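Trainee: The structure's right below; bear with me while I get my questions together.
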Amino acid sequence: MRYLILGVTEARDEHGGPLPVGGARLRTLLAALALRAGRPASVAGLIDDVWDDAPPQDASAALQALVGRLRRVLGREAVAGTPGGYRLTAGPDDIDLYVFERLARQGAAELDAGTPEDAARTLRAALAL
């Protein structure tokens, strides 16, 4: 599974096909979880991320329903429950933002090492994300 959060938030299956992550709140929840790259996110933090300053009356239940919808799209195992929150079961290499950061660091190191051709190739790959 790949998660794209640079630009429009989307999820891709193991073959690169897009998954139907529809609706702004569902995409916001996915982005909030992906930004944490496998680390737990608290219920309160996710509520704030998804609804900002206008959470629904029963925000915890609304978040739970939203997580259920996301699990139906991504697969139940993709979003794990944690004590007091949730986490996306993905590592940094599954999320385009972290791949971009890694490639940018690698490109900078290649420039510092005096290999501008390698740096240009690496940085082009980062920008393509």
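The values are calculated or read from the model by the stated rules, or taken from the named source; none is laboratory data. All figures in this text were calculated on a predicted structure; none of them were measured in a lab. Cβ: placed from backbone, ideal geometry, glycine included. Neighbour counts: every protein chain shown. Surface accessibility is based on the protein's heavy atoms, side chains included, excluding ligands, DNA and RNA. Shrake-Rupley method; radii C 1.70, N 1.55, O 1.52, S 1.80 Å.
Trainee: Quick one: how many Å² of SER42 are accessible to a 1.4 Å probe, rounded to 10?
Mentor: In the full protein context, SER42 sits at about 60 Å².
Trainee: Next up: Measure out, as a whole number of angstrom, how far apart the alpha-carbon centroids of the range 73-129 and the range 19-71 sit.
Mentor: Centre-to-centre distance over Cα atoms comes out at 22 Å.
Trainee: Now for a different question. Considering only the other residues whose Cβ falls under 12 Å of the Cβ of ALA31, what net charge follows from Lys and Arg at +1 and Asp and Glu at -1?
Mentor: 0
Trainee: Take every DSSP beta bridge with both residues inside the range 1-110 and express the antiparallel ones as a percent of the total, to the nearest 5.
Mentor: Numbers: 10 of 11 bridges.
That works out to approximately 90 percent antiparallel.
Trainee: So between ARG39 and MET1, what do we pick up on full extension, going 0.36 nm a residue minus the alpha carbon distance?
Mentor: Values: separation 38, 0.36 × 38 = 13.68 nm, distance 1.67 nm.
In short, 12.0 nm is gained.
Trainee: Once you place label points 7 Å from the Cα toward the Cβ at THR115 and ASP53, how far apart are they in nm?
Mentor: 5.0
Trainee: In addition: Within the set of other residues whose C-beta is less than 11 Å from the C-beta of ASP96, count the net charge using Lys and Arg as +1 and Asp and Glu as -1. Don't skip to the answer; put the middle values down first.
Mentor: Details: positive: ARG2, ARG12, ARG102; negative: GLU10, ASP93, ASP94, GLU101.
Neighbourhood net charge equals -1.
Trainee: Which sequence of LEU127, LEU66 reflects their accessible areas, 1.4 Å probe, from the largest down?
Mentor: Values: LEU127 140, LEU66 10 Å².
Order by accessible area, largest first: LEU127, LEU66.
Trainee: Using θ = phi - 60° and the Karplus curve 6.51 cos²θ - 1.76 cosθ + 1.60, what whole-Hz ³J(HN,Hα) does each residue of the range 94-100 get, with Gly and Pro shown as x?
Mentor: Computed from phi, the couplings for the range 94-100 are 8, 10, 4, 4, 6, 5, 4 Hz.
Trainee: Another question, then. I'd like the accessible area for THR9: 1.4 Å probe, protein heavy atoms, all chains in place, Å² to the nearest 10.
Mentor: 20
Trainee: I'm spelling it out carefully: the read-out is Cα Rg over 2.2 N^0.38 Å, the candidates are [x] 1.04; [y] 1.21; [z] 0.98, and one was derived from this structure. Which label?
Mentor: [y]
Trainee: Follow-up. Given a 1.4 Å probe and the protein chains all in place, what does the accessible area of ASP58 round to, in Å² to the nearest 10?
Mentor: Estimated to the nearest 10 Å², ASP58 gives 100 Å².
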